[in-house]
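The values are calculated or read from the model by the stated rules, or taken from the named source; none is laboratory data. Keep in mind it's a predicted model, so treat the numbers as computed, not measured. Cβ atoms come from the backbone with ideal geometry, glycine included; neighbour counts cover every protein chain shown. Remember, those area values only see protein heavy atoms, side chains included, never the ligands or the DNA or RNA. Shrake-Rupley method; radii C 1.70, N 1.55, O 1.52, S 1.80 Å.
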Amino acid sequence: MAGGLGVDKLTKMLDRLGRWAVAGVAEFGFGAALVGESVFWLAMGRKRRQPVRLGPVVAQAMEIGIGALPIVTVLSGTIGIMLAIQGVYSLKLFGAESRVTLGVAMSTVREFAPLITGILVAGRSGSALAARLGTMRINQEIDALTVMGVSPVRFLVVPALVAMMVMLPCLTLWADLVGLFTAGLYIAPQLGSTMGAYVNEVTSLVQMNDMLHGLAKSVIFSVLITIVGVVNGASVSGGAEGVGHMTTRSVVHAISAIVITDMIFVFMVTR
Amino acid sequence: MSRSSQSVAHSVEVIDLNTHYGDRQILHNVSLEVKQGEIMVIMGGSGSGKTTLLNHLLGLMPPTSGTVRILDQDLGRLTPLERQKLRTRTGVAFQSGALFSSMSIGDNIALPLREHTDLDPTTIGIMTRLKLEVVSLAGFENLKPAELSGGMIKRAALARAIVMDPEVLFCDEPSAGLDPVVASSIDDLILRLRDAMGMSIVVVTHDLDSTFKIADRICVLDKGKVLALDTVEAIRASTDTRIQNLLNRRTEEAEPDPDAYLRRLLGDTSTPPDGTPRT
């Protein structure tokens, strides 16, 4: 009898695991389909008399990019100084503090600038996207678009995706500049050199390859943030509470996806 | 504008529609047809399946089996492009209005024109204001949906639904949640639209007064089945107790099966309440 009960519990657990896995795969598939459909509308929209319009793209770009400038500036500046302090401290331990510029420049351009910008934009714009789509869904606005013969993907998703794919690399580039600059503010006096000498050293150290490494990642992040936001927003059910739940979920998923993808990218490219 | 609507036999045709949510059957062999220029009211209490039926008519949900034909085109067999074209010939006014909250009323109504036609902005502006006049909302085009009252939102939603001069108009609970005077004005508006533009109109509602006022024919849905499909007079004269209960607002008769009642109370889920729709 007890064994039967144990088996019963086990099957229930396996059942739940199976359903959970199926839901996860379905969500992943939905995301992939969204990317495919977005590319389709970008390429074929004009032919189908449903062009992707520039106006909404620009509006989204302003919101995603220009709106995030202040906070990206503050945080990348802070991280530049933080890296400089840690770098000087740790390299001093074996008397190599003169090499600190190399470490700071590489880690800012290749890692910290894209990562911090991605996380910030996921929190600012990914969540806003999920909340907006979720509210539109429970308000039947998505249905209204569909029955009007206007593709919701073309009308709502593609502008956000394009704006994100343009603005996130721009913000990353800006974060690179600010981070390297503030790091220099600390490093130059510490090494007893000048800002001019520091800038010279940075420009000779940072290769095109390093910049592209960071920017390529930020393009991947931009797709992840948009798709995670849209998938969560489109799956909202159950009123205002559902919108809140899915918005939180979209931020957590987007940041996790960014960090994990970052690791995989680095593993594939840098070894 | 040249229209092919004269050759259309039925504006809407539903044949043997069945739907399930999970294991539960919502619609049972529902069949109905709406003639051109006719106002068909789909009536039924909460949970009768009328919203589900509307979602099928709008092509928002695929049925388990059966056929939905809108303007002689089978919804299940259309290519995406054909479907998009068909949707420019139909209009929908949702229960909550479903106006885009980020846009002004004028932009909401102009949206289908901007997306589907090559008209210049001046013409679009004129057509938008024309439809606003039709629904007596002239001068409100710059307001946001949040700044309108419930009745005004419903009228704005109607204006958006008819801006492309559709051949078929679907209205979901056009008068629900409104006071009797405003509700009556919406009914008048629907009648005017049919008379002036000759559209076929499908109205889904549980409002009896408005049903009798606007309907040419009534389809009474009950527990996912078509209980009656007839003219207003015939429905009024019907001797069917279920229909009379609905018309006279009597509650349903007492539980016919005490055993089933007891089983439900005991939480016995081995015998699912077959076919009982969601309330």
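List of remarks:
- Partners of residue B:225 within straight-line reach, counting lysines whose Cα lies under 19 Å from its Cα and excluding those fewer than 8 residues away in the same chain: B:50.
- Per-residue mean of C-beta atoms belonging to partner chains within 10 Å, peptide A:144-157: 6
- Signed unit charges on C-beta, dipole axis of the protein assembly as shown, positive-most listed residue B:143, B:180, A:185: A:185
- Charge dipole of chain A about the Cα centre (unit charges at C-beta), most positive-ward option of A:83, A:174, A:256: A:256
- Listed by chain and number, the aspartates and glutamates whose alpha-carbon sits under 18 Å from that of residue B:223, ignoring those within fewer than 8 places in the same chain, are B:16, B:23, B:207, B:240, B:252, B:253, B:255, B:257, B:274.
- Top of A:239, A:118, A:77 by mean-square fluctuation, Gaussian network on chain A, Cα under 10 Å: A:239
- Local charge for residue A:215 was computed over the other residues whose Cβ lies under 15 Å away, with Lys and Arg +1 and Asp and Glu -1, and equals -2.
- Highest-MSF residue in chain B out of B:245, B:29, B:108 [GNM, Cα springs under 10 Å]: B:245
- Of the residues B:197, B:40, the one with the largest accessible area comes first in the ranking B:197, B:40, computed with a 1.4 Å probe on protein heavy atoms.
- Under conditions of 20 °C and 1.002 mPa s, chain A yields 103 µm² s⁻¹ as its translational diffusion coefficient, taking Rh as the Kirkwood radius over Cα pairs in the Stokes-Einstein equation.
- Relative contact order for chain A: 29 percent, from Cα pairs under 8 Å spaced at least 6 residues apart, divided by residue count.
- Net charge of Cβ neighbours under 15 Å - reference residue A:168; Lys, Arg +1; Asp, Glu -1: -1
- For chymotrypsin sites (Phe, Trp or Tyr not before Pro), the sites in the stretch A:1-106 that DSSP calls loop and that have at most 12 other Cβ atoms within 10 Å are A:94.
- Calculated translational diffusion coefficient of the protein assembly as shown (20 °C, 1.002 mPa s; Stokes-Einstein with Kirkwood radius over alpha-carbon pairs) equals 78 µm²/s.
- With θ taken as phi - 60° and the Karplus curve 6.51 cos²θ - 1.76 cosθ + 1.60 applied, the whole-hertz 3J(HN,Hα) list for the stretch B:100-108 is 6, 5, 7, 10, 5, 4, x, 5, 4 Hz, x standing for glycine and proline.
- Beyond 18 Å, the tail of the calculated P(r) for the stretch A:206-271 holds 47 percent of the Cα pairs.
- Here the alpha carbons of the stretch A:115-271 define both size measures, Rg and Dmax, at 19.8, 68 Å.
- Percent of beta bridges antiparallel (DSSP, the protein assembly as shown, rounded to nearest 5): 55 percent
- Chain A: most fluctuating residue of A:17, A:215, A:34 per GNM, C-alpha cutoff 10 Å: A:17
- Under Karplus coefficients 6.51, -1.76 and 1.60, residue-wise ³J(HN,Hα) of the stretch A:48-56 in Hz, glycine/proline x: 7, 6, 10, x, 7, 8, 6, x, x
- Placed amide H near residue B:169: partners under 5 Å, 5+ positions off or other chain: B:91, B:200, B:201, B:202
- For the stretch B:73-146, Kirkwood radius (reciprocal of mean inverse C-alpha pair distance, Å): 13.8 Å
- Taking every alpha-carbon pair under 8 Å whose residues sit at least 6 apart, the stretch B:157-201 reaches a relative contact order of 44 percent.
- Farthest toward the positive end of the dipole of the stretch B:14-150, out of B:25, B:58, B:123, is the Cα of B:25, where the dipole comes from beta carbon charges about the Cα centre.
- Estimated FRET transfer efficiency when R0 is 41 angstrom, pair residue A:27-residue B:249 (beta carbons, to 0.05): 0.35
- Shielding value for B:94-100 is 5, the average number of Cβ atoms from other chains within 10 Å of each residue's Cβ.
- Based on Cα atoms of the stretch B:149-258, Rg over Rh with Rh as the Kirkwood radius reads 1.03.
- Couplings 3J(HN,Hα) for the stretch A:25-36, derived from phi with the Karplus relation 6.51 cos²θ - 1.76 cosθ + 1.60 (θ = phi - 60°), are 5, 4, 5, 4, x, 4, x, 5, 5, 4, 4, x Hz, where x marks Gly and Pro.
- Along chain B, longest interval not containing exposed trypsin sites (Lys or Arg not before Pro), exposed being DSSP loop plus at most 14 other Cβ atoms within 10 Å: B:4-248
- Relative contact order (%) - criterion: Cα under 8 Å, at least six apart; region: chain B: 26 percent
- Dimensionless Rg over Rh [the stretch A:143-224; C-alpha; Kirkwood]: 1.29
- FRET efficiency, 1/(1 + (r/R0)^6) with R0 41 Å, evaluated for residue A:53 and residue A:207 via beta carbons: 0.60
- Pairwise Cα distances in the stretch A:8-74 exceed 20 Å for 62 percent of all pairs.
- Averaged over the residues of peptide B:80-93, the number of Cβ atoms from other protein chains lying within 10 Å of each residue's Cβ is 3.
- Sequence-distant residues sharing a close amide H with residue B:20 (under 5 Å, placed H): B:26, B:64
- Of the peptides A:223-229, B:56-62, B:176-182, A:183-189, the ranking by mean beta-carbon count within 10 Å, highest at the top, reads A:223-229, A:183-189, B:56-62, B:176-182.
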